[in-house]
1. First measure r as the distance between the Cβ atoms of residue B:300 and residue B:67, then evaluate 1/(1 + (r/R0)^6) with R0 = 30 Å and state the FRET efficiency to the nearest 0.05.
2. What spacing in nm lies between the two simple spin-label points modelled at residue A:114 and residue A:193, each 7 Å away from Cα in the Cβ direction?
3. Direction-averaged shadow area of the convex hull around the Cα atoms of the stretch A:13-118, nm²?
4. Which order do the peptides B:264-274, B:156-166 take when ranked by the mean count of other beta-carbon atoms within 10 Å per residue, highest first?
5. Hey, how many Å between the Cα centroid of the stretch B:247-278 and the Cα centroid of the stretch A:158-176?
6. Any idea what the relative contact order of the stretch A:1-143 is, in percent, if you count C-alpha pairs under 8 Å spaced at least 6 apart?
7. When ranked by the protection proxy of mean other Cβ atoms within 10 Å per residue, highest first, what sequence do the peptides A:6-12, A:143-149 form?
8. Any chance you could list P(r) for the stretch A:169-226, counting all Cα-Cα pairs in 5 angstrom bins from zero, rounded to whole %?
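Bear in mind these aren't lab numbers, they're just calculated from the coordinates by the rules spelled out. As the structure is a computational prediction, the values presented were derived from the model and not from experiment. Glycine also receives a Cβ, built like all others from the backbone with ideal geometry; neighbour counts cover every protein chain displayed.
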């Protein structure tokens, strides 16, 4: 079912067959897009079988030859090379967040795509969750006045794959998970000048669990706090926000009673890491429809590659704060980004 | 039993008066001396007029109230005046319930604790939330191991800009703004949940964007805390409710543990919501009154002479976190808690 009347690629090349690919593949299929899947592990056939669509490519070259647009759903540390390969093949790229493990690599990805003349979009899907979009629209409309104090939380069961728990490969919880809310804070309250963060990791019988908290100071005077958790496997995915401005506030808790309530024995392992259940179109479908369309000459998307770089910079500043134990001044990314924007 | 209230400067005094005067077993009196020259006043009934309104005895000053020989005195002066009042009451050998925060400086708090100890009288600090049935339920889950080991927490204590009394926005009388007013409630709950742990590092950011036209101190604040057992947490202490909000505000505390998560909504979860033509949205709370439980605890202490919790030392712990937050604001970095 195509839910949007916008240009979309005929064939998308999905690289990776892990957790996030399981969200992207069904969304592409529902949008009526053909998908070729390539993964360096052996999970691509199972992914295709599970979703009843898509075709396994035998090599990255085959995928790049067949796809108009590449959707990078691999672990973070592999992003820069894969994006460069796609760009060199002349393919536009949607890249899973975070773009990369460093600001310099993220900027280089932007430069490579610009040099190749292909679009690059970060898959910062929380901007497409209905409650978060409604919040952003309301703030942009001035309903709350000037944003003053913002808070966000994102608590999930710990990711099962080991690479997430190696900060050298994932950037840790602040860069991998909390980047969503760091991005939301910046989207709503503007550029960030200072970041402070704390984190706790504990070993449990089920493996390491982590929680982290960041406090942001925005250039215009607003302050934000973000809490993240990669917690016990039984944890129900839950996100909250509370945004207070000079005229009012809006709050949200995904655990609040929704339009449908079920009181029944729950299945084992009800926890999840990807997203709380939402009604209507999947936020991944909304995201990929908008980003895919933007790559095909449609209207501009609500998130840009430079937003992706800025989000990486915030996550890294938070990590730096963990290392130093102090507050970290965030370099004014605009001075590094504007030349690119003008390009 | 005779209970005195010294000063109606803090609006909580009116709530205490309502509860105390409803009890036939208590005699109640107030002292509400005229404000010091230059102190802004609002239109709330004070002094003799307030005493007549509540039907209680009135005295011109604390010395006269103490001459009435009360069995216990509740101190509701401006925060910065707690020390002088507590020292005078303790010297008279009378048990004390002191409005929070205990004081505005650590030397003041230490002097008050020492004065009560020297006189051998209980000194209790008025932190009602720990007496609520909601917190009791959270605590039983936590103490029962229901969420495993605590690793972090998120607290919010938001409300309107306190408009009943102008001194709240005068740091020399209040000790600060939203941080001093609201951080301490959540900090007190943490002293209950983590009796063995001490806060070691505090980082705070604040602004005056909210209620900017009337803000003489910070109205927005975020406080990040680390404890010596590794627990981390944040407190949003902002006065972020619009002045025409349906409720004054609320307090929430989310505990993130090694095996689970527990959420407290100390006020907002217990209400009916509706709508009435002409009146607009309706809210009718049906929660318990934690103030009544807190006051009963104080009255019990007066009766048996024991020192109840939260005592002066406990009040000092929560207050020290707020004071560290102000030091962090001035240096822009995390600071150690004194």
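1. The formula returns an efficiency of 0.75 here.
2. It is 2.6 nm.
3. Average of the hull's projected areas for the stretch A:13-118 equals 5.9 nm².
4. Values: B:264-274: 15.4, B:156-166: 19.5.
Order by mean packing, descending: B:156-166, B:264-274.
5. 33 Å
6. Working: 224 pairs, mean separation 27.4, N = 143.
RCO, the stretch A:1-143: 19 percent.
7. A:143-149, A:6-12
8. The percentages, shortest bin first, are 4, 18, 26, 21, 14, 8, 5, 3, 1.
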